[in-house]
Amino acid sequence: MEITFELGYALDTFYFLICGALVMWMAAGFAMLEAGLVRAKNTTEILTKNVALFAIACTMYMICGYGIMYGGGDWGPFLSGIMGDGATGVAEDPATYAPSADFFFQVVFVATAMSIVSGAVAERMKLWAFLAFAVVMTGFIYPMEGAWTWGGEAVFGMYTLGDLGFSDFAGSGIVHMAGAAAALAGVLVLGARKGKYTADGKVNAIPGANLPLATLGTFILWMGWFGFNGGSVLATATVESANAVAIVFMNTNAAAAGGAIAALIVARILFGKADLTMVLNGALAGLVAITAEPSTPTPLQATLFGGLGGILVVLSIVALDKVKIDDPVGAISVHGVVGLLGLILVPFTNDGSSISGQLIGAATIFVWVFVVSLVVWLVIKAVMGVRVSEEEEFDGVDMSECGLEAYPDFTSGRS
C-alpha cells in the first residue's frame with residue numbers, strides 16, 4: 001500500500017510529537033521517584049529542582065544546545081530558524097517530519113539526562129549550585145557528546161564513532177550513562193550525607209519518605225519509556241516502520257519486566273526480604289539496558305537483557321555504598337553502570353555494531369562528561385559553594401532553600 005509524502009509527513013510528525021510528550025512526562029516520573037526516595041524534609045527542594053531543570057534544559061538547548069549537536073559547530077541555527085521561518089517551515093524530502101518536532105523530541109532527552117543528576121546529589125546540594133550546573137550540562141556538555149554520536153561529527157577531529165561500529169539506538173550511553181557520569185562527578189565533589197557512613201565502614205540506611213510516590217514515579221517512567229525508545233524509530237507511517245515501532249514497544253516492556261523480576265530475586269537472596277526500592281530500580285535498569293538496542297532482540301532476549309540489568313543494579317548499589325559513594329536514589333547504578341551494560345549488549349543482536357566500537361564510544365562519552373562536569377562542579381564550588389551547611393542539612397533543605405515544606409503537618413520533629 002502506497003502512502004503519499006504529505007500523509008506520511010503528517011503521520012510521522014504527529015507520532016514524533018506524541019512520543020516527545022511521553023518522554024516529557026518522564027520528568028514527572030523522575031520528580032515523583034526522587035520525591036519518594038528522599039526524606040520528607042527535602043521534598044520541596046527536589047521537586048523544585050526537577051521543574052527548574054526541565055525549564056533550563058528546554059531554554060539552553062534552544063539557544064545553543066541543538067545547534068552544537070546537529071549544526072556542525074554552529075552555535076545557534078535553531079534559534080535563528082525560529083526567529084525567521086527555518087524551523088517552522090516544512091522539511092524537504094527525504095525527511096518525513098517537521099524540524100520543530102525533531103527539536104521537541106530531542107530537547108526532552110536533554111532534560112532526562114539532567115534529571116539523572118538531580119537524584120544522585122539530593123538532600124545536601126545547594127539549589128542554585130545545581131541549577132548553575134544544569135545550564136552548562138544542557139547547553140554544552142551533553143550537546144557536545146551528542147554531536148559525536150547522533151550528530152555524526154568526528155570526536156575532536158580524530159575519529160567518528162559511527163565508523164568504529166558504535167551504535168546507541170535511543171541513548172543507554174548518550175543519555176543515561178552521560179547523566180550518570182555528570183552525577184558521579186557531582187557526588188565526588190559533594191560528599192556523602194551526614195550519618196550515611198560511620199568511621200568503621202558501616203552503611204546506615206536512610207529510608208525515603210514516600211514509597212507509594214516512588215512507585216508511581218517508576219510506573220510513569222516505564223510508560224514514558226515507550227516514547228523514549230519508540231520515538232527513536234523516527235517514523236511510523238509505513239508498514240515497515242510501524243512494525244519496527246511495535247517491536248520496540250514490546251521489547252521495552254519485556255526488558256522492564258525482566259529487570260524487576262531479577263532485582264526482586266537478587267534482593268531476596270542478598271537481604272532476605274523483597275526490597276521494593278530494589279524492585280523499582282530493577283525495572284528502570286531493565287529499561288536502561290534495552291534502550292541501546294530495542295529493535296533487534298527477540299522478546300525473550302529483551303527479557304534476559306533486562307534481567308541482567310536488574311541483577312547488576314542491585315550489586316552496583318551495594319558496591320557503591322561499600323566505597324562510600326552516596327547516591328540516595330541509585331541513579332548512578334541504574335543509568336551509569338547499566339547504561340554501559342546496555343551498550344555492550346548491542347553487538348549480540350545487531351551486526352552493524354562491534355564490541356570495540358561500543359567500548360570506545362562508551363569511554364568517549366564517559367571521559368568527556370565526567371571530566372568536564374568535574375571541572376564545572378569544582379568551579380561552582382569555588383565560586384558559590386555546592387553544599388548546604390550542617391545545620392541546614394539536619395533541618396532539611398526545604399525551608400532553607402525554598403521556604404516551604406511539602407509535608408508541614410509531619411515534619412515538625414525532624415531527624
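The values are calculated or read from the model by the stated rules, or taken from the named source; none is laboratory data. Every value quoted in this text rests on a predicted model; they were computed, and no experiment measured them. No Cβ is skipped: glycine too gets one built from the backbone with ideal geometry, and neighbour counts run over all protein chains shown. Keep in mind that these areas ignore ligands, DNA and RNA; they rest on the heavy atoms of the full protein, side chains included. Shrake-Rupley method; radii C 1.70, N 1.55, O 1.52, S 1.80 Å.
Ignoring everything except DSSP H segments at least 4 long, calculate the 222 nm mean residue ellipticity for the chain; use -39,500 (n - 2.57) per segment, divide by total residues, nearest 500.
-20500 deg cm²/dmol
Give me the net charge for the shell around ALA192: Cβ to Cβ below 12 angstrom, other residues only, Lys and Arg +1, Asp and Glu -1.
After counting each charged neighbour, the total is +1.
Per 5 Å bin from zero, what fraction in whole % of the C-alpha pairs of region 337-415 is there, up to the bin with the longest pair?
Pair shares across the bins are 3, 12, 13, 12, 8, 9, 11, 11, 9, 8, 5, 1.
Pairs LYS41/LYS196; LYS126/LYS322; LYS49/LYS202; LYS41/LYS273: which exceed 22 Å Cα-Cα?
From the list (LYS41/LYS196; LYS126/LYS322; LYS49/LYS202; LYS41/LYS273), the Cα-Cα distance tops 22 Å for LYS126/LYS322; LYS49/LYS202; LYS41/LYS273.
Provide Rg over Rh for region 298-388; use the alpha carbon set for both Rg and the Kirkwood Rh (inverse mean inverse pair distance).
1.07
Please list, in chain and number order, the residues 5+ apart from ARG387 or on another chain whose amide H is under 5 Å from its amide H, with Hs placed from the backbone.
LYS126
Output ³J(HN,Hα) for region 53-62: one whole-Hz value per residue in order, computed from phi by the Karplus curve 6.51 cos²θ - 1.76 cosθ + 1.60 with θ = phi - 60°, and x for Gly and Pro.
5, 5, 5, 5, 4, 4, 6, 5, 5, 5
How many nm is it between the label spots at SER356 and VAL51, if each spot is 7 Å from the Cα in line with the beta carbon?
Distance between the two pseudo-spin positions: 5.2 nm.
Under 5 Å between amide hydrogens, which residues at least 5 positions from VAL155 or on another chain qualify, with H placed 1.01 Å from N in the peptide plane?
THR160, LEU161
Describe numerically, in nm with one decimal, the distance between label points set 7 Å from Cα along Cα→Cβ at ILE206 and at LEU131.
2.3 nm
Using Cα atoms only, what is the angle between the long axis of helix 127-136 and the major principal axis of the chain, expressed in degrees (0 to 90) to the nearest 10?
Around 20 degrees separate the two axes.
Once the piece of chain linking ALA199 and LEU7 is laid out straight, how much longer is it, given 0.36 nm per residue of separation minus the C-alpha distance between them?
Extending this stretch completely gives an extra 62.5 nm.
What fraction of the Cα pairs in region 105-199, stated in percent, has a spacing above 17 angstrom?
54 percent
Once both axes come from the Cα atoms, what is the angle between helix 5-37 and the longest principal axis of the chain, in degrees from 0 to 90, rounded to 10?
10 degrees
Using the Cα gyration tensor of region 166-252, with a ≥ b ≥ c the square roots of its eigenvalues, what is the shape: rounded (a/c below 1.5), prolate (a/b larger than b/c) or oblate (neither)?
In terms of gyration-tensor shape, prolate.
For labels at VAL239 and PHE271 in the simple 7 Å Cα→Cβ model, what's the distance in nm?
Roughly 5.0 nm, to one decimal.
Arranged from highest to lowest average of other beta-carbon atoms within 10 Å per residue, in what order do the peptides 193-199, 236-242, 127-133 appear?
127-133, 236-242, 193-199
What is region 177-335's relative contact order, in percent, from Cα pairs under 8 angstrom and six or more apart in sequence?
In percent, rounded to a whole number, it is 28.
Averaged per residue, what accessible area in Å² does region 138-181 show with a 1.4 Å probe, protein chains only?
Per residue, region 138-181 has an accessible area of 29 Å².
Go through 53-61, 169-177 and give me the packing order, highest mean Cβ count within 10 Å leading.
Answer by packing, highest mean first, reads 169-177, 53-61.
Over region 297-394, average the accessible area per residue using a 1.4 Å probe and give it in Å², no decimals.
With all protein chains present, region 297-394 gives 44 Å² per residue.
Would you mind classifying region 98-158 by shape? Square roots of the alpha carbon gyration tensor eigenvalues, ordered a ≥ b ≥ c; an a/c under 1.5 is rounded, otherwise it is prolate if a/b is larger than b/c and oblate if not.
oblate
If you take the C-alpha gyration tensor of the chain, multiply each eigenvalue by 5 and take the square root, what semi-axes do you get, largest first, in whole Å?
Semi-axis lengths for the chain are 34, 25, 20 Å.
How high is the relative contact order of the chain, given as a whole-number percent (alpha carbon pairs under 8 Å, six or more residues apart)?
Taking the mean separation of contacting Cα pairs over the length of the chain, I get 25 percent.
Just the number, please: carbon plus sulfur as a percent of the accessible area of region 182-288, 1.4 Å probe, no ligands or DNA/RNA counted.
The nonpolar share, carbon plus sulfur, comes to 69 percent.
Looking at THR296, GLY361, VAL314, which one has the Cα that reaches farthest to the positive end of the dipole of region 264-361 (charges on Cβ: Lys, Arg +1; Asp, Glu -1)?
Of THR296, GLY361, VAL314, it is VAL314.
What is the helix-to-structure angle for 299-322, meaning the angle in degrees between its Cα long axis and the longest Cα principal axis of the chain, kept from 0 to 90 and rounded to the nearest 10?
Approximately 30 degrees, to the nearest ten.
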